[in-house]
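Bear in mind these aren't lab numbers, they're just calculated from the coordinates by the rules spelled out. Just so you know, these numbers come straight off a predicted model, no measurement behind them.
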Amino acid sequence: MLDTLGKIVKLYFTRSFALNEKLNVHPGQVALLQMLEQQEGMSQKELAKCIMVKPSTITVMLNRMEERGFIKKVPHQTDHRKICIYLTKEGKDVVQKVKENTMVIEEELLKGFSKEEKEQVFSYFQRMKGNLLETVGEFQLPKMVQLPEIEHSDIRCNTKKND
């Protein structure tokens, strides 16, 4: 099963890369774009925690996205050390196109499945995700590879049950 799941993930990633490359969107930026669409104005640190990457990684990602015109950085109104990240008009347009690409991949992935089978597969993946989140939450990784918290009191990460 693990070999099959691993291959599905790799094929999904490959297909996503092929479609989103035309938009000048790197695969790692997809989650960031989606997070910003849900909650603009987050800081780099908050975004790094939500998409579970290092702060140095988020800096590189945001700089590239700013160069492409997808985001703008705005100083926080009261805390001048904090920079808030917002999508530009072009960034919002790209998010919509990425969503369309995701729907194409989902249709390709689930071709030939009945509505009930699709719901069942989704339910299984939700349970698997919950199981892994439970395990990751309990397991302490070594300091060098410590994952950031998934939920934080002053930020709202996308941890809905149906995502």
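To the nearest Å, what is the center-to-center distance of region 1-66 and region 86-137, using C-alpha atoms only?
13
Need the list of lysines near LYS82 for cross-linking: C-alpha distance under 22 angstrom, and skip anything on the same chain fewer than eight residues off.
LYS45, LYS49, LYS54, LYS72, LYS73
According to the square roots a ≥ b ≥ c of the eigenvalues of the Cα gyration tensor, what is the shape class of region 73-131, taking rounded for a/c under 1.5, prolate for a/b larger than b/c otherwise, and oblate for the remainder?
Working: a/c = 5.92, a/b = 2.04, b/c = 2.90.
Oblate shape, in that a/c is at least 1.5 and b/c is the bigger or equal ratio.
Filter the cross-link list LYS92/LYS115; LYS7/LYS118; LYS10/LYS118 down to pairs whose alpha-carbon distance in this structure exceeds 28 Å.
Working: LYS92/LYS115 30 Å; LYS7/LYS118 19 Å; LYS10/LYS118 20 Å.
Where the Cα-Cα span goes over 28 Å, the pairs concerned are LYS92/LYS115.
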